[in-house]
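Below is one structure, written out as structure tokens, with a few remarks after it.
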There are 2 protein chains.
Amino acid sequence: MDSDTILLAHGSGGSLMRRLIDEVFVAGFGDSQLSVTDDAATFELPGGRIALSTDTYVVSPLFFPGGDIGRLAVCGTVNDVATSGARPLYLSVGFVLEEGLPVDDLRRILHSMREAAEEAGVHIVTGDTKVVERGHGDGVYINTTGVGVVPEGLSLSAAACRPGDVVLLSGSLGDHGITVVSTREGLEFSTDLRTDAAPLNHLVAAVLDSAPDARCFRDPTRGGLASALNEIADTSGTSITVDETRVPVREQVLGACEMLGYDVFQVANEGKMVAVVPADSAEAALSAMRRAPYGEDAAIIGEVTEAPAGTVYVRTAFGAARVMDMLVGEQLPRIC
Amino acid sequence: MDSDTILLAHGSGGSLMRRLIDEVFVAGFGDSQLSVTDDAATFELPGGRIALSTDTYVVSPLFFPGGDIGRLAVCGTVNDVATSGARPLYLSVGFVLEEGLPVDDLRRILHSMREAAEEAGVHIVTGDTKVVERGHGDGVYINTTGVGVVPEGLSLSAAACRPGDVVLLSGSLGDHGITVVSTREGLEFSTDLRTDAAPLNHLVAAVLDSAPDARCFRDPTRGGLASALNEIADTSGTSITVDETRVPVREQVLGACEMLGYDVFQVANEGKMVAVVPADSAEAALSAMRRAPYGEDAAIIGEVTEAPAGTVYVRTAFGAARVMDMLVGEQLPRIC
């Protein structure tokens, strides 16, 4: 490369941009299906139902224990596509780079994206890069958009949840949010706390194999478990009760939440999946989840009841019940 | 809405974000196919070849004569999908909003996106919104990703261009770039200069109807006609010669380029299409282009020759030939 840092000219559409694409992006992604000379990538798909999901990642800082914005950008969108039951196949990537970004930081991010894409089994097929002046971004913002194929006959929907259904969670809450905020603020709650960012498409597929009558999946990212469950309750016109003692949370995450005044149910996760399944399928779904990658700590955490519609409760260790509210106001900006 | 400006809490994943989505985005897009309660949108597609294209828009200022970042974000991606010959059908939209953005500005942008999407005949089916702190963005950055279906049997590629082929351009060069830079810098070259941002998918379809053996399409955006033609020459191992006298350019654009020291062939366009077709099909393609929306000023501007491979020439009014170079360095940042 001609420069160790990103220049405005790298976004010009001219010859420097061409070199950035060839020497950094193509080399970094190393995906033979990446289309570099055409404005659109093309690929064959079987006919049927297609899932499309998009997310822009603005996490600050760019690097944190266990991951970085690149891993997040691939896993987050893979997981959003997977929530529909679709098999994620292709990703597009749009970068907004800030003038002055070290090219080595970009290479590191691309390497993480490549690793996460390989793990998920998706191909990065097309991309775009813009450069903004120093001070007008935060190093890198990344948009990823994912395309997946929904298996024939499958139609998952939060609206399908019924009283008696069971709520599963694939692992411990809050790891991502607490890791990012403690890195950003220079807090050290623990030396081994790290983001949970991970692709969960294989886990979702495994649950659907064992429990094909699953109602819906949600990944509890921004707004945490509280937003995910309130949306499900709201869409299906049901109530959900979560048993607090059954929700896996790491001790250091609980401690950090107490210290910072956060509700762990509202903290973001990037490698966790919520599933709602009929009671009859709960054990099969749970053991499939536990056998799947990133699901070893999965638990049945609650159940769907009839009323009051659109409300989520937490049953505490002392048997009391309180409402699990959605986040009001702002807690953790720039978390993903 | 609870606030006249965007707050960090609007990106929290909590209840304020829910209200922003319901009251501003859903109301603004007004597309019944917009998925608002699921992380992924799903839709039926016929089997076959799918085109996927992504672009992030960081244009500054957000509003300029004839358009805004919203119109740009829809048209740009529609056109990128259309260059593959695909029929664009669905768009995803990812916003990065800056804290403090007036909500009315956002509404105006959404309105432009809706109008452009309706004109192009595409549906905005899924979206995402992030909010960054004041000073870390520029009001709005927008990513759009487009999905289209390639007609069966069609396979366009720059690599297919052959000596003897003819190069068409759908209208005048440089309108977008000069409009944006003159708005930004407070220069007034002309009162009637405006962006050309427009969806060209219907124009591409019309050309393909009349000239089904067309080789390839390119929209000459960043880097202008020079980047588009150099890429074609490079990919196909041919040479291209453009006849300067046949290239439509508005007088005020030429004047601005002279004053600012720009090469009009390197200035960005957002509503122009380049087509390469076999000589036998040139007249049919030209009249189809001229009858299509936004193609009334279309012209045959050049031809493909054998050598030297990968080089583009301009034949001037005096009969001399000079190389049409790709932009080196940086000319107009934040143009799209």
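The values are calculated or read from the model by the stated rules, or taken from the named source; none is laboratory data. Remember, it's a predicted structure, so these values are computed and weren't measured experimentally. So basically every Cβ, Gly included, is an ideal-geometry build from the backbone, and we count neighbours across all protein chains shown. SASA here: full protein model, heavy atoms, side chains in, ligands and nucleic acids out. Shrake-Rupley method; radii C 1.70, N 1.55, O 1.52, S 1.80 Å.
Results, tabulated for the structure shown:
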quantity	calculated
Per-residue average of Cβ from other chains inside 10 Å of A:116-129	2
Set of lysines with alpha-carbon distance to residue A:272 below 24 Å, sequence-local pairs under 8 removed	B:130
At least 50 Å² of accessible area lost relative to the chain alone, listed for the range A:50-91 with a 1.4 Å probe	A:50, A:52, A:54, A:56
Pseudo-label separations to other copies for residue A:134 - Cα-to-Cβ vector, 7 Å, nm	2.4
Cβ-based charge dipole, the range B:239-297, positive-most Cα from B:271, B:261, B:248	B:271
Neighbour cut-off at most 13 other Cβ (10 Å), DSSP loop, GluC sites (Glu not before Pro), the range B:87-188	B:152, B:188
For peptides A:63-73, A:86-96, sequence by mean Cβ density within 10 Å, most packed first	A:86-96, A:63-73
For residues of A:213-223, the mean tally of beta carbons on other chains within 10 Å	2
Other copies of residue A:104: label-to-label distances in nm, shortest first, labels 7 Å along the beta-carbon direction	4.9
Per-residue mean of C-beta atoms belonging to partner chains within 10 Å, peptide B:133-139	4
Teacher prompt: residue B:287 distances to equivalent labels in other copies, 7 Å Cα→Cβ, nm	7.3
Selected from B:226, B:57, B:197, residue furthest toward positive end of dipole (chain B; charges at beta carbon)	B:226
Rounded to the nearest 20 debye, dipole of the range A:158-323 from Cβ charges on Lys, Arg, Asp, Glu	140 debye
Chain pair B, A: total accessible area buried, heavy atoms, 1.4 Å probe, Å²	5800 Å²
Rg over Rh, two decimals, the protein assembly as shown (C-alpha only, Kirkwood Rh)	1.00
Dimensionless Rg over Rh [the range A:158-323; C-alpha; Kirkwood]	0.97
Percent of Cα pairs exceeding the 33 Å cut-off, where the set is chain A	29 percent
Residues of the range A:194-243: accessible area per residue with a 1.4 Å probe, Å²	25 Å²
Charged-residue dipole, Cβ positions (Lys, Arg, Asp, Glu), the range A:246-285 about Cα centre, Debye nearest 20	60 debye
Computed magnitude of the charge dipole of the protein assembly as shown (debye, nearest 20; Cβ of K, R +1, Cβ of D, E -1)	400 debye
Helical mean residue ellipticity (222 nm; -39500 (n - 2.57) per DSSP H run of 4+; nearest 500) of chain A	-8500 deg cm²/dmol
Percent accessible area from carbon and sulfur atoms, chain B, protein chains only, probe 1.4 Å	47 percent
Surface accessible to a 1.4 Å probe, per residue, for the residues of the range B:61-152, Å²	27 Å²
